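To keep things clear, I will list the structure first and then write my remarks on it.
Every read-out reported here was derived from the displayed coordinates using simple, explicitly stated rules and does not represent laboratory data. Since we're looking at a predicted model, the values are computed, not measured. Cβ placement follows ideal geometry from the backbone for every residue including glycine, while neighbour counts extend to all protein chains displayed.
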Amino acid sequence: MKYRRILIVCWILSGLLFFYNRTSKPVLVPDIVVIDTANCWTGAGPYQIPIDSIGTLIRYGYQLISNTAQYLGPNGTVTHSTNGMNCQNCHLEAGTKPWGNNYGAVASTYPKIRPRSGKLESIEMRVNDCLQRSLNGAPLDSTSKEMRSIVAYIHWLGKDIPKGEKPKGSGIEDLPYLSRAANPMKGQKDYIISCASCHGINGNGKTALNGIGYLYPPLWGNQSYNDGAGLYRLSRFAGFIKNNMPNPCNYHHTKLSNESAWDIAAYVNSQPRPHKDQSKDWPNISKKPVDCPNGPYTDSFSEKQHKYGPFTMMTKAK
Ligand code: HEC
Ligand code: HEC
């Protein structure tokens, strides 16, 4: 009898406590927000990858992109087919960072016709372009587990972007052109002040402490991207470093002026790097972007001007 009374009192008390908690102390469950404050696209993090069989493929793709050297580098566990850089060295935060050369628009815009090859390119072909140019290496078979995983990861990142759309903040920002040519001599001075402490006075970076990949990736020399790579175009290099270097920085807090970004780009891209045979590129040369540093061209501007600018008068002439 006594115990029953105690039980009833406890039951009433716990009920009161429950309602008290509900009315006076609402429990706030924060939403997972992956939108940047300026509404730039930001990719989902690896912890959001689903836990199922497709998730396993996506997760391996994430690992290949963030730690490429471990799998495909000179001492890679799968192949020895790249220069030892990671995709993530250039596609920052595994291709998720706003204006960090991210993959926000890849799933939504590929396959597409690219004027460099003159072909309808799938994501696989585009990835192989970076493997052969940015990583100065060999392509992957499109049916390999590695390629399927990389593509699965890129698809997963961009799955919420409607077909054909390019979200704000995706890829690399286009900086306004300078009214003068970019100046490698000025760029060298700025490079020594802002970049050499990590990437080295000789541009060869610093190998990671465990010997796999880089603590600071190289910017020129044998282990760097070759002269057919995207970063070899001044606008791509300048736009990339403006929002991301000196590391760490982002587009809310940039550290370089536009002028300095263009001049440093000119300095770095005037240094030696591996050569890629590009005789098959640009089957229609009139489609070359103004800052394509390798001739021939349909206009009469010199190769030097196409490399360093000034570009404004060239766009007007087109
Ligand atoms: C040395 C720097 C560098 C490295 C390393 C690199 N890339 Fe790239 N990648 C670029 C640049 C630059 C572009 C062109 C961006 C542009 O045109 O705005 C690009 C473009 C791409 C694109 C197309 C993006 C788009 O929106 O059209 C894909 C996909 C891609 N890279 C995948 C990879 C993968 C996968 C790896 C690793 C196997 C890799 N990249 C390694 C620099 C690099
Ligand atoms: C404090 C060290 C640090 C400084 C200073 C710095 N970087 Fe970097 N940089 C990095 C790191 C680390 C990465 C690779 C990022 C990653 O893997 O997440 C990188 C990546 C790069 C890349 C793409 C990968 C490659 O090697 O091609 C370029 C280009 C680059 N930096 C240029 C510059 C330039 C130009 C400056 C000077 C304006 C600069 N960096 C200053 C640390 C630095």
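Length, then width, then depth: along the principal axes, the Cα atoms of the chain run 103, 42, 42 Å.
Taken over the stretch 46-157, the convex hull of the Cα atoms encloses 100 Å³ per residue.
Note on S179 and F301: their simple-model spin labels are 1.7 nm apart, each label 7 Å out from Cα toward Cβ.
Do the alpha carbons of any pairs in K189/K280; K186/K304; K189/K288 sit beyond 27 Å of each other, and which pairs? Don't skip to the answer; put the middle values down first.
Numbers: K189/K280 36 Å; K186/K304 17 Å; K189/K288 31 Å.
Correct reply: K189/K280; K189/K288.
For Y216, the residues 5 or more places off, or on other chains, whose built amide H falls under 5 Å of its own are K206.
Take K186, project a point 7 Å from its Cα along the Cβ direction, then tell me which residues of the stretch 255-295 have their backbone nitrogen under 20 Å from it. Answer for the stretch 255-295: 255-271, 291. Remark: the stretch 264-281, residue by residue, has Karplus-estimated 3J(HN,Hα) of 5, 4, 5, 5, 4, 7, 9, 8, x, 7, x, 9, 10, 5, 10, 5, 8, 6 Hz, where x stands for each Gly or Pro and the curve is 6.51 cos²θ - 1.76 cosθ + 1.60 at θ = phi - 60°. Computing FRET efficiency as 1/(1 + (r/R0)^6) for T143 and L215, where r is the C-beta to C-beta distance and R0 is 35 Å, gives about 0.55. Once you reduce the stretch 212-232 and the stretch 57-103 to the center of their Cα atoms, the two points are 13 Å from each other. With a Förster radius of 41 Å applied to the C-beta separation of T315 and S197, the computed FRET efficiency comes to 0.70.
Across the stretch 219-259, the residues whose backbone nitrogen lies under 14 Å from the label position 7 Å along the beta-carbon direction of K168 are 252.
Sorted fewest first by neighbouring Cβ atoms within 10 angstrom, D160, D281, D190, D291 come out as D160, D281, D190, D291. Straightening the chain between S122 and A38 buys 27.2 nm, computed as 0.36 nm per residue apart minus the Cα-Cα spacing. In a fully extended conformation the segment linking N222 and K287 would gain 20.4 nm over its present Cα-Cα distance, using 0.36 nm per residue. Charged side chains reduced to their Cβ positions (Lys and Arg at +1, Asp and Glu at -1) give the chain a dipole of some 700 debye around its Cα centre. Amide hydrogen proximity for E121: with H placed 1.01 Å from N in the peptide plane, the residues at 5 or more positions away or on another chain lying under 5 Å are K112, I113, R114.
Counted residue by residue at 0.36 nm each, then reduced by the alpha carbon distance between them, the extension gain from I51 to E93 reaches 13.0 nm. Taking 24 Å as the straight-line reach from the Cα of K145, the lysines in range (excluding those fewer than 8 positions away in the same chain) are K112, K159. Couplings 3J(HN,Hα) of the stretch 86-103, computed from phi: 9, 3, 5, 4, 10, 9, 4, 6, 6, x, 10, 7, x, 6, x, 6, 7, 9 Hz, in residue order, whole Hz [Karplus 6.51 cos²θ - 1.76 cosθ + 1.60, θ = phi - 60°; x for Gly and Pro].
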